[in-house]
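Below is one structure, written out as structure tokens, with a few remarks after it.
The values are calculated or read from the model by the stated rules, or taken from the named source; none is laboratory data. Because the structure is a prediction, the values reported are computed rather than measured. All Cβ positions, even for glycine, are placed from backbone atoms using ideal geometry, and neighbour counts span all protein chains on display.
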Amino acid sequence: MQLNPYLMFNGNCEAAFKFYEQCFGGKIVTLMTHKEAPSAEHIPTEWQDKIMHVCLDLGSRLLMGSDSPPGYFEPPQGFYVQISIDEPAEAERIFHALAENGIVKMPFEQSFWAFRFGMLVDQFGTPWMVNCEKGA
């Protein structure tokens, strides 16, 4: 079994996934808008270019998402997407990239279980935990 996060957005999914692709060094392998769907004629004109499904390949894991239909979006709550990174410099880079224009909930610093750990909500509203267990 493999669990892969599926993130929902309020119209900014494409911008978020282009940012995640650059931040994590992955590759977007699927990007489908609502106008490409068989049901496109039932989608409002202003929603045609919104994302119906996107998939970011991160090697051994996938990060997927879409824009919630109008009126259905609910801000994420009660979870964090957790990232484990062995290399301290890379963990630091990713934490600070995700934190830019976001809200740091717990600074990226040493903890009793990890060399560095931090929590944040990025500029797109996605909650993240970045963990680096190993020191330099």
Looking at the stretch 47-60, is at least one residue under 17 Å from Cys23 (Cβ atoms), buried (at least 17 other Cβ atoms within 10 Å of the Cβ), in contact with a strand residue (DSSP E or B) (Cβ under 7 Å, 6 or more places away or on another chain) and of a type outside the set (Val, Ile, Thr)? yes
Top-ranked residue in the stretch 1-23 [being touching a Phe, Trp or Tyr at 6+ places or on another chain (Cβ under 9 Å) and part of a strand (DSSP E or B); ranked as nearest to Tyr80 (Cα to Cα)]: Leu7
Residue within the stretch 91-102 that is of a type in the set (A, V, I, L, M, F, W, C) and not in a helix (DSSP H, G or I) present: no
When the stretch 68-82 is checked residue by residue, the ones that are at pLDDT below 95 and either touching a Leu at 6+ places or on another chain (Cβ under 8 Å) or in a strand (DSSP E or B) (or both) are Pro76
Which residue pairs have Cβ atoms under 7 Å apart, sit 6 or more places apart or on different chains, and have a first residue in the stretch 82-109 that is touching a residue at least 24 places away in the same chain (Cβ under 8 Å) and within 11 Å of Asp122 (Cβ to Cβ) and a second that is surrounded by 13 or more Cβ atoms within 10 Å (Cβ to Cβ) and among the acidic types (Asp, Glu)? Leu98/Asp122
Subset of the stretch 38-67 (residues that are closer than 12 Å to Lys27 by Cα and under 13 Å from the mean Cα position of the chain (by Cα)): Val54, Cys55, Leu56, Asp57, Leu58, Arg61, Leu62, Leu63, Met64
Take the stretch 103-136 and flag every residue that is within 16 Å of the chain's Cα centre (by Cα), crowded, with 17+ Cβ neighbours inside 10 Å, not polar (S, T, N, Q) and not in a loop (DSSP other than H, G, I, E, B). Gly118, Met119, Leu120, Val121, Pro127, Trp128, Met129, Val130
For the stretch 3-23, pairs from a residue that is on the phi < 0 side of the Ramachandran plot to a residue that is part of a helix (DSSP H, G or I), with Cβ under 8 Å and 6 or more apart or across chains, are Leu7/Cys13; Leu7/Ala16; Phe9/Ala16; Cys23/Ile94; Cys23/Ala97; Cys23/Leu98
Any hit, the stretch 24-31, residues being surrounded by 15 or more Cβ atoms within 10 Å (Cβ to Cβ) and in a loop (DSSP other than H, G, I, E, B): yes
